[in-house]
C-alpha cells in the first residue's frame, strides 16, 4: 500500500515528505495508522549527521496510533486497539527484560540499522529500500512495526497526548524515579529544559524533592519549568552556575544532577554542581564524536561521587507506559502542558527548526 512518510536521504539536507510503498505486516508485526508523533532531538542527531545511521531513513520514534492490521503470531494487540509505540523493542524473555531493564533488550542493538529484526525492509521508495528509525518510523501516516514495539493503552486516553509517554516522558521521569531513585526531600538540578529535561523536573516533583533547580539558557523554558515543579531557575548566561547552585543548597551542591543537553561541557558542569556523595545522571545523547568528559578522577574518589548514564529512563515500557498514563488520568502527571505547538507532517522541517531555536518544549505532529 501507499503511505506518506518523512525521509532523510543525506545528513544536513531537508527532510523529504513523500509517498512510498509500505509492505503488509509479517509474523510478529503490526500495521499502525498513526494519530500523533512527537518531535524529539534524537531524530535530529540523524538529520545533522551527529549520529551514524542507515540511510535513507524514515524518521520518527515517538508515536501513538490505532492498529489496522496484524501479522501471524501477534498476541499482544488486535485490530482497532489504541497503541503507543516504544523506540526500543523488548522481547520480554532475555536477561535484561526479565531483570527489570527492558530498555537494554538486545533487540535494541539494531534500531539504527534500518531493517526490521528479521533483516528485511517494509518501506520502499523510488531509490530502493528505506530504513525505519528505531524500527517504528512514526513520521508516517501508516507504519509497520514489530509487536515487541507495541504497547496497548486504554481507549479513553487521548492519543495526541499519550504519544508523549512513548519517549520523552519515560526518559525524563524514569531517569529520576528508576535510575537515580531520588528520595523525598532530596536536592535536584536539571540542566536543559526541553522535552526530556522538563520531564526530569516533573519527575523530581513527583519524587518529592524539596529543591528542584532548572537550568537553561532560554528564559521561556525556565518560566515553564516552574509549572512542572522547579523551585529555582538559573540562566547560566546571566549567573555563575556552580556558585548559584551552591548558594541555593547551603554551600553543599545538589544530591542529584540530571544532564539533558548532552555535551561534555555541560556534563562537567553537572558534576561540579553535585555535593559529596552526589550523583550525576547523563540523559541526553552526546554526538558520536565525543570521546571524554571533564571529570577529575581524584575528585571522583575523594568526594565519593557517582556518574551514570541512562537509556530510556531505565524504563520497562510495557509497565511504565500504562502507569504513566494512569498518573496522567489521575492529574498527577502533566502531558497537555508539555505540548507547545502542533504540526502537520508536511511541516516536519519547520518543527525541527522550532525545536533547535528553543521555541518548543515538545512539538507534536498530528495526522488526519
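Values quoted throughout were computed directly from the atomic coordinates according to the rules given, and no laboratory measurement underlies them. Owing to the predicted nature of the structure, the values given are computational and were not obtained by experimental measurement. Every residue, glycine as well, gets a Cβ built from its backbone with ideal geometry; the counts of neighbours run over all protein chains shown.
Mean sequence separation of contacting Cα pairs (under 8 Å, at least six apart), scaled by the length of region 171-311, corresponds to a relative contact order of 21 percent. Using Cα centres only, tell me the gap between region 309-330 and region 265-295 in whole Å. Each part reduced to its Cα centre gives a spacing of 24 Å.
Compute the Cα gyration tensor for region 306-353, then decide on rounded, prolate or oblate, letting a ≥ b ≥ c be the square roots of its eigenvalues: rounded whenever a/c is under 1.5, prolate when a/b is larger than b/c in the other cases, and oblate in all that remain. Oblate. The value of relative contact order for region 162-222, using C-alpha pairs under 8 Å at least six residues apart, is 37 percent.
Between residue 341 and residue 368, the C-beta separation translates, for a Förster distance of 25 Å, into a calculated FRET efficiency of about 0.90.
Just to be sure I understand the model, the point goes 7 Å from the Cα along the line to the Cβ. What's the resulting residue 359 to residue 181 distance in nm? Calculated label separation equals 4.3 nm.
Determine the relative contact order of the chain: mean sequence separation of Cα pairs under 8 Å and six or more apart, normalised by residue count, in whole percent. Relative contact order here is 18 percent.
Return 368, 129 ranked ascending by Cβ neighbour count within 10 Å, so the fewest neighbours appear first.
On the way: 368 6, 129 14.
Fewest to most other Cβ atoms nearby, the residues stand as 368, 129.
Fewest-first ordering of 96, 352 by other beta carbons within 10 Å of each residue's beta carbon gives 96, 352.
In terms of other Cβ atoms within 10 Å, 4, 318 run from fewest to most in the order 4, 318. Look at where the Cα atoms of region 1-41 and of region 75-136 average out, and the two centres are 14 Å apart.
Were the residues from residue 152 through residue 33 laid out at 0.36 nm apart, the gain over their Cα-Cα distance would be 41.5 nm.
When the alpha-carbon atoms of region 217-305 are used, the pair Rg, Dmax equals 13.6, 39 angstrom. GNM on the chain, alpha-carbon springs under 10 angstrom: the most fluctuating residue among 59, 327, 285 is 327.
Computed over the chain, the percent of Cα pairs more than 35 Å apart is 22.
Our estimate of slack between residue 289 and residue 329, defined as 0.36 nm per intervening residue step minus the Cα-Cα distance, is 10.3 nm. Please check: in the Gaussian network model of the chain (C-alpha springs, under 10 Å), which one of 114, 331, 49 has the largest mean-square fluctuation. Of 114, 331, 49, the most mobile in the Gaussian network model is 331. For residue 276 and residue 18, compute 0.36 nm times the residue count separating them, minus their Cα-Cα distance, and round to one decimal in nm. Gain on stretching residue 276 to residue 18: 87.5 nm. Taking a spot 7 Å from the Cα of residue 298 along the direction of its beta carbon, which residues of region 246-284 have an amide N less than 11 Å from it? Under cut-off, by backbone N: nothing.
Beyond 15 Å, what percent of the Cα pairs of region 188-262 remain? That fraction is 45 percent.
Kindly state, to the nearest 0.05, the FRET efficiency for residue 95 paired with residue 243, given R0 = 35 Å and r defined as their beta-carbon distance. It comes to 0.20.
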